[in-house]
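Below: the structure, in structure tokens.
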Amino acid sequence: MNAATAGTWQLGDVTVNRLGFGAMRITANPDRSVAIAVLRRAVELGVNHIDTAAFYVSPGGTLRVGEGAKRYANELIREALAPYPEGLTITTKVGPGEDAARGFYNATTAAELREQVETNLRQLGVDCLDVANLRIMNKPGESIGERFGWLSELRDEGLVRQLGISNVRLDHLEEALAIAPVVCVQNSYAVDLRRDEDELIRSCAARGIAYVPFFAIAGSARESGPSTDHSHAVETIAADHGVTPQQVRLAWTLHRSPNVLAIPGTGNVAHLEQNVAAGALRLSEAELAKLE
């Protein structure tokens, strides 16, 4: 069992296994040792692409250090994996932010965006972010240009090495590419969610850009957790292969296009191992047709 069985893709100037890990859920368990174990096991299993953000924070608690304090995904990653192994790529997101004074907010100035980049740097314990994705709200008529320009300036300063965008449309990608290279697009996408994304996936593939779906397992359940509302086709195919419906959903995601990178998240070692094993699951053309 190894993440490399899913194949590889060029994330800009680095090669990553297409089966990665999303860190959003590792803050949920109050036992830090569980999160540490999951992260270390992920790397043992060949995961070399971890997606995180400074605003991935445990629910409840306070901002103070110690008992009852909030748990930040970035700090858990640093505790578990630093000094970071060679070849590990950590992608982060900026745009949304979280702190004691403002709570959850969205950056609207260059200074706020810089502050978020610096927070990611500090929490991860690095001098330069491997990849920073600008995440937007994607409101009708919303432009990405000004904020992506601010982020590209931080790249020029050496605080970020490569850039991506998140929660965007095809016109946002065109807008960003006119400013600076884009190595990845992160959007919600699953067998039962946002199937109108196929055109964007094709456009990214033609440009050598990674498409990184989130909610591949959760699907329409989104932040509430793994989907339990599986179609008959998903359940039938899972039974035929002796795997879980969640593994079928991941396998379907990886079958969409060679430039698709999966980043399933979990706070459970057993579920992590199932997710990684899904990278080796091959679906037939007939099975893929059923899932359509």
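The values are calculated or read from the model by the stated rules, or taken from the named source; none is laboratory data. Please read all numbers here as calculations on a predicted model, not as lab measurements. Methodologically, a virtual Cβ is constructed for each residue, glycine included, from the backbone with ideal geometry; neighbour enumeration extends over all protein chains shown.
So that you can scan it fast, the table gives a plain yes or no per residue for (1) of a type outside the set (Val, Ile, Thr); (2) at pLDDT below 95; (3) surrounded by fewer than 23 Cβ atoms within 10 Å (Cβ to Cβ); (4) assigned to a helix (DSSP H, G or I):
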residue: Ile179; (1), (2), (3), (4): no, no, yes, no
residue: Gln186; (1), (2), (3), (4): yes, no, no, no
residue: Asp198; (1), (2), (3), (4): yes, yes, yes, yes
residue: Arg202; (1), (2), (3), (4): yes, no, yes, yes
residue: Ala205; (1), (2), (3), (4): yes, no, yes, yes
residue: Pro226; (1), (2), (3), (4): yes, yes, yes, no
residue: Asp229; (1), (2), (3), (4): yes, yes, yes, no
residue: Gln274; (1), (2), (3), (4): yes, no, yes, yes
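Give me the strands (runs of 3 or more DSSP E) completely within segment 1-99, filtered to those with at least 1 residues that are closer than 17 Å to Asn259 by Cα, at pLDDT 95 or above and among the hydrophobic types (A, V, I, L, M, F, W, C), ordered by residue number.
8-11, 14-17, 49-51
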- Screening Ala210, Ala216 for residues that are surrounded by 22 or more Cβ atoms within 10 Å (Cβ to Cβ) and either of a type in the set (Asp, Glu) or in contact (Cβ under 8 Å) with a residue 60 or more places away in the chain (or both) leaves only Ala210
- Residues in segment 33-62 that are under 14 Å from the mean Cα position of the chain (by Cα), within 15 Å of Glu75 (Cα to Cα) and not aliphatic (A, V, I, L, M): how many? 4
